[in-house]
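These notes concern the structure reproduced below.
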Amino acid sequence: MAYREKLAWLTLAVMLMTYSVYFLMVALWIAPAPPQGAAMLHMLVLFAGVTVVQAVLVAIGAALLAVRARADGEERADERDRAIARRGTHIAYYVLMTGMVLVGLVMPFGEARWKIVNAALLALVLAEATRHAVVVLSYKRGWHG
């Protein structure tokens, strides 16, 4: 398995674990009683905490992967790796734009602020998860550019 594929697997798995916890907490605690004022700040602090935990776990995992696969981790991305990354980014862009159109052009006319904020955060997380999933699938299926 290529180093960049391992890194995509790691990032995807950690994202799914950490952000699932956040959105589950939002669904169970915040959705029944919409936050006002300071509670909205608590929700954003919770998101920031989850994001920091995710970043730290990915950094530690990436360091361990690089140590275990020293030659692969130091190798520069070749044309295939760049094409796979570009494809993942391209598809994730459309996921992000779809989410942001929903959040910015549809939701403001009938949804509460906290729902709009969480929908935007969800769009960002889904776009990034899509990017990593496409990278993983491209390595698994083989790149046919």
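The values are calculated or read from the model by the stated rules, or taken from the named source; none is laboratory data. Everything numeric here is computed off the predicted structure, so don't read it as measured data. For neighbour counting, all protein chains shown are included, and Cβ atoms are generated from backbone atoms with ideal geometry for every residue, glycine included. Surface accessibility is based on the protein's heavy atoms, side chains included, excluding ligands, DNA and RNA. Shrake-Rupley method; radii C 1.70, N 1.55, O 1.52, S 1.80 Å.
Values as computed for the structure displayed
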{"quantity": "Verdict on ILE116 being surrounded by 13 or more Cβ atoms within 10 Å (Cβ to Cβ) and touching a residue at least 60 places away in the same chain (Cβ under 8 Å)", "calculated": "no"}
{"quantity": "In segment 45-82, the residues that are under 20 Å from the mean Cα position of the chain (by Cα) and in contact (Cβ under 8 Å) with a residue 60 or more places away in the chain", "calculated": "PHE47, LEU65, ASP81"}
{"quantity": "When residues of segment 19-41 are limited to those that are in a helix (DSSP H, G or I) and at pLDDT below 80, the one farthest from GLU128 (Cα to Cα)", "calculated": "ALA38"}
{"quantity": "Hits in segment 1-30 - residues which are surrounded by 14 or more Cβ atoms within 10 Å (Cβ to Cβ) and free of Cβ contacts under 8 Å to residues at least 24 places away in the same chain", "calculated": "ALA13, MET25, TRP29"}
{"quantity": "For LEU64: the one exception among (1) part of a helix (DSSP H, G or I); (2) within 19 Å of LEU122 (Cβ to Cβ); (3) open to solvent by 40 Å² or more (accessible area, probe 1.4 Å); (4) not β-branched (Val, Ile, Thr)", "calculated": "(2)"}
